[in-house]
1. Tell me, which residue of the stretch 32-44 that is under 17 Å from Arg160 (Cα atoms) and out of contact with any Ser or Thr (no Cβ under 9 Å at 6 or more places or on another chain) is modelled with the lowest pLDDT?
2. Given the condition open to solvent by less than 30 Å² (accessible area, probe 1.4 Å), in a helix (DSSP H, G or I), out of contact with any Cys (no Cβ under 6 Å at 6 or more places or on another chain) and under 18 Å from Phe173 (Cα atoms), answer yes or no: does some residue in the stretch 84-92 qualify?
3. Which pairs turn up if I take residues in the stretch 125-140 that are within 13 Å of Thr4 (Cβ to Cβ) and look for partners that are in a helix (DSSP H, G or I) and open to solvent by 80 Å² or more (accessible area, probe 1.4 Å) with beta carbon separation below 9 Å, at least 6 apart in sequence or on another chain?
4. Filter the stretch 93-129 down to residues that are exposed (fewer than 14 other Cβ atoms within 10 Å of the Cβ) and among the polar types (S, T, N, Q) and give me whichever is nearest to Ile162 (Cα to Cα).
5. Considering the stretch 130-159 alone, what residues qualify as being more than 18 Å from Ser20 (Cα to Cα), crowded, with 16+ Cβ neighbours inside 10 Å and among the polar types (S, T, N, Q)?
6. Among residues belonging to the stretch 35-80 that are β-branched (Val, Ile, Thr) and out of contact with any Pro (no Cβ under 8 Å at 6 or more places or on another chain), point out the one that is most open to solvent (accessible area, probe 1.4 Å).
Amino acid sequence: MGRTEFVALLAMMMASVAFSIDAMLPALPAIGAELSPERPQNAPLILSMFLFGMGVGTFFTGPISDAYGRKRVILVASALYILGAALAWASATLEMVLLGRVLQGLGAAGPRIVTSAIIRDRFSGRQMAQISSIIMMVFVLVPAISPLLGSYIIGWTGWRGIFMAFIVFSLTFTLWMM
């Protein structure tokens, strides 16, 4: 894999976190109205539970990737992320969506943390700073376009479609990495 492709892959893996948070924003009113009509104000818990899962996953991902390998951890984490998205997609209650989002957050921690470890493994000094800067630039741009992209997806498919988009996004970078 050439340097440009390598950086693009790492940027996509890192961007999965921002996409998972910001693409959900347009779906919150619809999810709240459908799954929690008596308390639609609980819908933003969908974001909180994702962040909770990611925070917990962050504690374990680095040491596990040191012990068992970067690629293996990304594969398992991606599978967990996809499982969480599928659970949220199929949910009939807000509580099940929240459980799915915790699993997604746990899974999202893998590519997020391991990406940084891979950069440190392969580069040092100025070259590491350049690669990190490019990846962070993408990471900063994704939240600007994700709500718009999320609203298009929701407009075409309904709010459940955003979870299918998360699955496709994760499968794309996982298969690319393999």
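The values are calculated or read from the model by the stated rules, or taken from the named source; none is laboratory data. Small disclaimer: the values here were computed from a predicted structure and weren't measured. Using ideal geometry, Cβ is built from the backbone for each residue, glycine included, and neighbour counts are taken over all protein chains shown. SASA here: full protein model, heavy atoms, side chains in, ligands and nucleic acids out. Shrake-Rupley method; radii C 1.70, N 1.55, O 1.52, S 1.80 Å.
1. Looking at the filtered set, the residue picked out is Pro40.
2. Within the stretch 84-92 (the criterion being open to solvent by less than 30 Å² (accessible area, probe 1.4 Å), in a helix (DSSP H, G or I), out of contact with any Cys (no Cβ under 6 Å at 6 or more places or on another chain) and under 18 Å from Phe173 (Cα atoms)), the answer is yes, since at least one residue qualifies.
3. Ile131/Arg3; Ile131/Arg122
4. So the residue we want is Thr93.
5. Across the stretch 130-159, the qualifying residue is only Ser132.
6. Val76
Rundown of residues vs (1) out of contact with any Ser or Thr (no Cβ under 6 Å at 6 or more places or on another chain); (2) assigned to a helix (DSSP H, G or I); (3) free of Cβ contacts under 8 Å to residues at least 40 places away in the same chain, yes/no style:
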{"residue": "Ser78", "(1), (2), (3)": "no, yes, no"}
{"residue": "Ala108", "(1), (2), (3)": "no, yes, no"}
{"residue": "Asp121", "(1), (2), (3)": "yes, yes, no"}
{"residue": "Leu149", "(1), (2), (3)": "yes, yes, no"}
{"residue": "Trp159", "(1), (2), (3)": "yes, no, no"}
{"residue": "Leu171", "(1), (2), (3)": "yes, yes, no"}
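Rundown of residues vs (1) buried (at least 18 other Cβ atoms within 10 Å of the Cβ); (2) out of contact with any Phe, Trp or Tyr (no Cβ under 6 Å at 6 or more places or on another chain); (3) aromatic (Phe, Trp, Tyr); (4) touching a residue at least 12 places away in the same chain (Cβ under 8 Å), yes/no style:
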| residue | (1), (2), (3), (4) |
| --- | --- |
| Glu5 | no, yes, no, no |
| Ala11 | yes, yes, no, yes |
| Ile21 | yes, yes, no, yes |
| Pro29 | no, yes, no, yes |
| Ala33 | no, yes, no, no |
